[in-house]
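*Asks:* Structure incoming, see below.
Taken together, the values in this text are just the output of simple stated rules run on the coordinates, not laboratory data. In this text the structure is predicted, and so the values were computed from the model without any measurement. Cβ coordinates were reconstructed from backbone atoms using ideal geometry, including for glycine residues, and neighbour counts include every protein chain displayed.
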Amino acid sequence: MAALGSPLRTLRGLLRELRHASSPAGRPYRDTPAYKHIIAAFRAHRVTSEKLCRAQQELHFQAATYLCLLRSVRQHAALHREYHGKGERSPEEVAGLVGFRLPQQPGGKG
């Protein structure tokens, strides 16, 4: 099994992605049902000195998987907004998208 890191780091990552997802809506992310569910789940599955909690490892794995999904969806949406076709573009704009500059014509014609 791959190393998942600490559960606190996963929790913080989930809350960060939740904040990114709820920012366009304009309402605080702490008022969402998703925030309350995530906090309640992590509190319910924390390890105490009385028991070894196998469910915590399962929760952590599911949370890390969901965090990966949320990040990937957000990054995909950002790439889609940046590179999605917007109709006809000028050659200069297309060259700028891929990181090139068009050569200048001699005599200042371009």
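*Asks:* So what's the net charge close to A34: Lys and Arg +1, Asp and Glu -1, counting the other residues with Cβ under 14 Å from its Cβ?
*Replies:* Working: positive: R16, R19, R27, R30, K36; negative: E17, D31.
So the surrounding residues net to +3.
*Asks:* Also, I was wondering about something else. Once semi-axes √(5λ) of the Cα gyration tensor in Å is worked out from the coordinates, which option in [x] 47, 17, 10; [y] 32, 16, 15; [z] 52, 13, 12 does it equal?
*Replies:* It is the value labelled [x].
*Asks:* Using a Gaussian network model on the chain with a 10 Å cutoff between Cα atoms, which of Y66, Y35, Y83 fluctuates the most?
*Replies:* In this elastic network of the chain, the residue with the biggest mean-square fluctuation among Y66, Y35, Y83 is Y83.
*Asks:* Pick out the long, greasy-scoring helices in the chain: whole DSSP H runs spanning 27 Å or more along their own axis by Cα, mean Kyte-Doolittle at least -1.0.
*Replies:* On the way: long enough: 54-83 (44 Å, -0.51).
In the chain, the long hydrophobic H runs are 54-83.
*Asks:* Using 0.36 nm per residue, how much length does the chain from S6 to E88 gain when fully extended, once their Cα-Cα distance is taken away? Write down the numbers at each step before the final one.
*Replies:* On the way: separation 82, 0.36 × 82 = 29.52 nm, distance 4.79 nm.
Extra length available between S6 and E88 comes to 24.7 nm.
*Asks:* Given R₀ = 25 Å, FRET efficiency for F100-L79 by Cβ-Cβ distance, to 0.05?
*Replies:* 0.85
*Asks:* At most 13 other Cβ atoms within 10 Å plus a DSSP loop assignment makes a site exposed; report the longest stretch of the chain without any exposed trypsin sites (Lys or Arg not before Pro). Don't skip to the answer; put the middle values down first.
*Replies:* Values: sites that count: R46, K51, K86, R89, R101, K109.
So the longest stretch without any such site is 1-45.
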